[in-house]
Amino acid sequence: MEFGNLLAVVAAGALLTGCAATAAEPETASASASSSSKRSAKAAFPSTYKAYPSDNIVITGATIFDGEGQRIDDGVIFMSAGKIVSVGGPETAIPTDSTIIDGTGKYVTPGIIDVHSHLGDYPTPSVPAHSDGNEATSPVTPEVWAEHSVWPQDPGFSRALANGGITSLQILPGSANLFGGRAVTLKNVPARTVQAMKFPGAPYGMKMACGENPKRVYGSRNRKPATRMGSLSLTRQTWINAQEYRKKRKGAKPPKRDIGMETLAGVLDGDILVHNHCYRADELNQIIDMSKEFGYKVTAFHHAVESYKIADILAKEEICSAIWADWWGFKMEAYDAIPENAALLQQAGACVIIHSDDENQIQRLNQEASKALADGRAMGIEISDAQAIQWITYNPAKAMGIADKTGSLKPGKMADVVLWNDNPLSVYSRPEKVWIDGAMLYDSSDPTRRPVSDFELGQPGEGDVK
Amino acid sequence: MKHFATILVSSLALMAAPAVAETIAITGGKVVVGDGSAPMDDATVVIRDGRVVAAGTSVAIPANARRIDASGKWVTPGIFAGFSRIGLIEVNAVRSTNDTSAEESVFSAALDVQYAINPFAAPVAVNRAAGVTRAVVSPSTAKSIFGGYGAIVDLGADNDPITKAKAFQFVELGETGHRRAGGSRSAAHILFRAMLEEARTYSRSPSLFDSDLMKASDAKALLPVMNGSTRLLVHVESANDILKVLGLRKDFPSLNMVLVGVNEGWRVADEIAAAGVPVLASALTDLPEGFEDLSATQSNIGRMKRAGVNVAIGMINDRDAHQLRYSMQYAGNLVALNRVPRATGLSWDEAFAAISSKPAEIMGMGSQLGSLKAGRQADVVIWTGDPLELSTQVERVFIDGVEQSLSNRQERLRERYRNPTPGALPKAYDR
C-alpha cells in the first residue's frame, strides 16, 4: 500500500541520470517530432507496443456489461483483428469463420483498468533495491518519469491480469513530492521493455500530491514543505515558474530544454493530465482554487476519501474521484473515510473511479467496486451493477485520456475483454479468459496462457495458479 | 439509526458480559453453526443468559423468549478474526494511538496487550458493525524477536474487551525475526533458544536472576511458553523457516505452537500436518512480497487443508487493526477458487469455519467460542444473505447474548453528508 511504500522510501537517484536531459537539444518550434536527433519530449521513449495475434472470436449467451452503464442479457460480442466489431443481443449476426465461445451463465466486461498503480515502480519482491516509486530527494520533481522506474518483470502484472482482468493501468510515481513526475499508461502485456507495454497514443499524466506525505517526508528533514501552507506556497511558486517557461518557449528565443518544465508546460497546455493525490475535502477545494489561479484542470483526485463531503462541488467542476472502496484510518487524513464515498459521489452526479494503489487489491478491483456498490444500496442509493462496472472501466479510461480507445465495449475500440465465470460483482467470480487487443493472454483452463515473469522462472512456485 | 442507539449506558457496561439475562429465539433463518457443517434452512437459534442453548431445525422455543424473525436471512456465529491488532491502533501513522509495539521499551516478552486494548477505538465499532465479534489480538515486535502477550477479545460495546488475557506469546522467526535479532536467522534462533534457557534459569532461582540478555520480567513471561501452558504464535512464511520452527520442538518438546502467516505452507503441508501444529494463515497473498514468499499462492490454505493441516484465516500485517471485516471477503475468495482450474480452495462450509470455529479451536477456546453449538458464548450475527458475499449486509449483532449497537463514526459521517450541501445551519450543527 502507498503508506507502506512511503515508509520504505529510499533515495533512488541513480535511475534518473542518463535520460534525455543530457543528450537533448533545445526544442524549437521547427523541431520535428519524427527526427530522432531532435526528438521532443512528446516523442521520447515511444511506444513499441504491438498487438499480439488474434482470431475472430464470438462470445454468445453471456451477460454483458458494456462499461458505459448498459447491461445486455443473453448478449453476443464479436471481436476481429484486435477490435470490437459488434456487441448486442441474441439477434446479433455471428460471422461464420469465427471461434465461438459459449458464454451462457457467464459475464463479459471490458478489460478492467486501474488508474492508480505502482506495479513496476514498487514491484515485488518489495526489497529496497526495488523501491523506485518516489524520487524523494526534492519536493518538486516534475522531471522524473515513472516509466523510467518500471520493471516489466514485476510478477504483479500477471496477478493483476489473471485474477483481476486488468488490461490497462496507469503507473504513477509516489506521493512523497508535490510534483511527483510523469505517470505512464501501460497495456498489461508481459514485455521485455517498458516501451513495449506503453499504451499507444495515451496522453501523459502528471502526479501531484497534497497533504501529509510531502510535509512528513520533507518536514522531517527540516526543509520545505513542513506544513500544508508550505506545500501550497511551493506548488504555486512552481506554477509561476512554469508559466514563465511556457511563455518563453513560445517566444522567438526559446530557453534551454528543461524536462521538468516541459511537463508542467504540458499540463498548462492541456496535453498532460493531472492526477492529484489528495484526501481531505478542504484540501481538495484548495487545489481546485489553485488550478484556477494557474489555468489548468485537475483530471482526478486520487485517494479522495473525503470527496463525499463536497460531492456537489466535484460534480460541478467535473473532476473525477479515484478512491478505494473502504480503506480508512491508516493516517489522519484517512480518518473520515466511509465506504459510501463512491455511492454518494455517484448520487451527486460526480465521476467515480475505484482504484487500487495496491498490488493485491488490483487483483480484486471488481470486488472493491462491488463493496462500494453494496454500501451505497444499503443506504438507499440506487445504482445498477452496470454503473458500478463503469467505475473500473470507462471512468478510469476517461481520466487516463484513453476512453476513445478502450474502457467500454463499443465497435471500433480495442478488443480488451474479460470473460468472467460469474457476475464480476460476486465474490465467487473470477476471470476465465482475458483478451488484450483481441489476443487471448489469459485462459484459466490453460496453464500455458499464464505469464511467468523472468523473476519467477526457476523459483519455487513457478507457473502455479497463484 | 434503525439500531437501538445507546447501549453504552455506563452502569450496564461496567459489568462483565453477559450483561443481560435474556432468552432470545431467532427463528426462520438459514442457520450456519460454523463448525463446518452445512447451513440449515428454516432453523432456530435459542440464546439464554449470554449463551447458545440450541441451534437447529427442531428446536423448542422457550415460552419467555423474545422472538426475532429471521426469515429470509442468514444466522451465523459472529466472525472470529484469527489474527489481528484490533483495539491497539486508532490511526496507524499517529504514533501516540499505536500500541502494537514498543520501540524504546526495555521489555519484550513481558509486554502485555491487555493493558493497551481500547474497546472504544473506532475500528472496534466499525468491525463490530460488519459482523466481527471476537478476535485474536497480537502485539508486534520492536527490539526483540518476542512481541509479548496477546489476548482474545470481544468487540462488544462495553468496558471489558478481554475474553482471555495472556492467551499467547508472539514471536517473529522469519524475515522480521532475522531483522529483530540483529541480522540473520541464525541470530533469531540462538536468541530464541537463549531466552528460553534463561527462562529456565530464572525459574530455578528468581531472586538471583541476573542476565545480560533480558529482564527478569521477560524471563518470567517465557516460562509458561517453555512448559507449554501458554501458546506460542510464531510468524514465519517460507517453507524453510517453517521446517526450522517445527524442529524447535526437538529441544523444547513442550512448546505449544501455532504458525502464523505461512505463505509457503503448502510446500511443507505434510510436515505441518504430521507435527500437529495448527496454522493461522493469510488467505489471499499470492505475490513474492519478499524472498520468504516466493511460492505464495491463494491455493495455500486449500492445499494445507487437504493435507490435513488444522488451518484458519488470520490477517497478519494486512490492515489487521482496521479491516477485520475483510475476513468474509477472504473466505469467499477461497470458495471462488473451487471454480478455477488447478486451484484448491475451501468448500463454503470449510471457509466459514475458517473465520468462526477454527480460529477459536486453534486458540484452545472452541468449547466456548466460535460456533452456535450449545453452551458457546452467544456471538450471533443476522445477515441479509450469504455472509461471504460482497453484497450482503449485517442486520443485527449479538455478543455474549447482548444485542449491539451498530452505530459508529463512519455511519454518522455518512448520514451527515447524505446531502452534502449545508442547510439553514452549517454541517457542524447536523447531528
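Overview of values
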{"quantity": "Lysine pair number, Cα distance threshold 23 Å (strictly under), segment B:80-369, separation 8 or more or different chains", "calculated": "12"}
{"quantity": "Mean Cβ neighbour count within 10 Å, used as a protection proxy, ranking B:370-377, B:102-109, A:348-355, A:221-228 highest first", "calculated": "A:348-355, B:370-377, B:102-109, A:221-228"}
{"quantity": "Cα→Cβ-extended label distance, 7 Å offset, between A:Thr48 and B:Asp430, nm", "calculated": "5.5 nm"}
{"quantity": "Carbon plus sulfur fraction of accessible area for segment A:293-426, probe 1.4 Å, in percent", "calculated": "46 percent"}
{"quantity": "Under the Karplus curve 6.51 cos²θ - 1.76 cosθ + 1.60, θ = phi - 60°, whole-Hz ³J(HN,Hα) for segment A:246-262, x wherever Gly or Pro sits", "calculated": "4, 5, 4, 5, 8, x, 6, 10, x, x, 4, 4, 10, 5, x, 5, 4"}
{"quantity": "Accessible solvent surface per residue of segment B:80-369, calculated while the other protein chains remain in place, 1.4 angstrom probe, Å²", "calculated": "32 Å²"}
{"quantity": "Most to least packed among B:395-405, B:214-224 [average Cβ atoms within 10 Å]", "calculated": "B:395-405, B:214-224"}
{"quantity": "Accessible-area composition of segment B:352-431, carbon plus sulfur, in percent [1.4 Å probe]", "calculated": "45 percent"}
{"quantity": "Backbone N under 20 Å from the A:Asp269 label point (7 Å along Cα→Cβ), restricted to segment A:280-323", "calculated": "A:294-299"}
{"quantity": "Accessible area buried, both sides summed, chains B and A with 1.4 Å probe, Å²", "calculated": "5200 Å²"}
{"quantity": "Mean separation of Cα contacts under 8 Å (6+ apart) over length of chain B, as relative contact order %", "calculated": "20 percent"}
{"quantity": "FRET E, pair A:Ser98, B:Asp270, Förster distance 60 Å, beta-carbon r, rounded to 0.05", "calculated": "0.80"}
{"quantity": "Euclidean distance of C-alpha centroids, segment A:243-258 and segment B:95-146, integer Å", "calculated": "56 Å"}
{"quantity": "Virtual spin-label span in nm between A:Leu457 and B:Arg249, 7 Å along Cα→Cβ", "calculated": "4.1 nm"}
{"quantity": "Over the protein assembly as shown: helical MRE at 222 nm, DSSP H runs n ≥ 4 each giving -39500 (n - 2.57), nearest 500", "calculated": "-7000 deg cm²/dmol"}
{"quantity": "Average other protein chain Cβ within 10 Å of Cβ, residues A:451-463", "calculated": "3"}
{"quantity": "For segment A:339-356 versus segment A:135-182, the gap between their alpha-carbon centres in whole angstrom", "calculated": "24 Å"}
{"quantity": "Positive dipole terminus of the protein assembly as shown, leading residue within A:Ser426, A:Tyr394, B:Tyr330 (C-beta point charges)", "calculated": "A:Tyr394"}
{"quantity": "Whole-Hz couplings from phi, Karplus 6.51/-1.76/1.60, listed for segment A:76-84; x for Gly and Pro", "calculated": "10, 10, 10, 10, 8, 6, x, 10, 7"}
{"quantity": "Shielding of B:179-186 by partner chains, average beta-carbon count, 10 Å", "calculated": "0"}
{"quantity": "Among A:278-289, A:56-67, the order from most to least packed when residues are scored by Cβ within 10 Å on average", "calculated": "A:56-67, A:278-289"}
{"quantity": "Among B:Leu390, A:Leu232, A:Ile166 the positive-end extreme of the charge dipole of the protein assembly as shown (Cβ point charges)", "calculated": "A:Leu232"}
{"quantity": "Antiparallel content of DSSP bridges confined to the protein assembly as shown, in %, to 5", "calculated": "55 percent"}
{"quantity": "B:Ser347-A:Thr448 pseudo-label distance in nm [points 7 Å out on the Cα-to-Cβ vector]", "calculated": "3.6 nm"}
{"quantity": "Heavy-atom accessible area, 1.4 Å probe, ligands and nucleic acids excluded: residues of segment B:94-126 down by at least 20 Å² from chain alone", "calculated": "B:Val94"}
{"quantity": "Relative contact order (percent, whole number), chain A, Cα cutoff 8 Å, 6+ residue spacing", "calculated": "20 percent"}
{"quantity": "Lys, Arg +1 and Asp, Glu -1 on Cβ, resulting dipole of segment B:265-402 about Cα centre, debye, nearest 20", "calculated": "300 debye"}
{"quantity": "Chain B: antiparallel DSSP beta bridges as a percent of all, rounded to 5", "calculated": "55 percent"}
{"quantity": "Normalised contact order of segment B:43-136, rounded percent, pairs of Cα under 8 Å and 6 or more residues apart", "calculated": "29 percent"}
{"quantity": "Average beta-carbon neighbours from other chains, 10 Å sphere, peptide A:346-353", "calculated": "1"}
{"quantity": "In sequence order, calculated HN-Hα J values of segment A:162-167 (Karplus, 6.51, -1.76, 1.60; Hz; x Gly/Pro)", "calculated": "6, 9, x, x, 6, 10"}
{"quantity": "Anchor A:Lys292: lysines whose Cα lies under 27 Å away (excluding residues fewer than 8 positions away in-chain)", "calculated": "A:Lys42, A:Lys207, A:Lys215, A:Lys224, A:Lys247, A:Lys248, A:Lys250, A:Lys309, A:Lys316, A:Lys398, B:Lys427"}
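The values are calculated or read from the model by the stated rules, or taken from the named source; none is laboratory data. Keep in mind the model is a prediction, meaning the values are calculated, not measured. So basically every Cβ, Gly included, is an ideal-geometry build from the backbone, and we count neighbours across all protein chains shown. Accessible surface areas use protein heavy atoms only, side chains included; no ligands, DNA or RNA. Shrake-Rupley method; radii C 1.70, N 1.55, O 1.52, S 1.80 Å.
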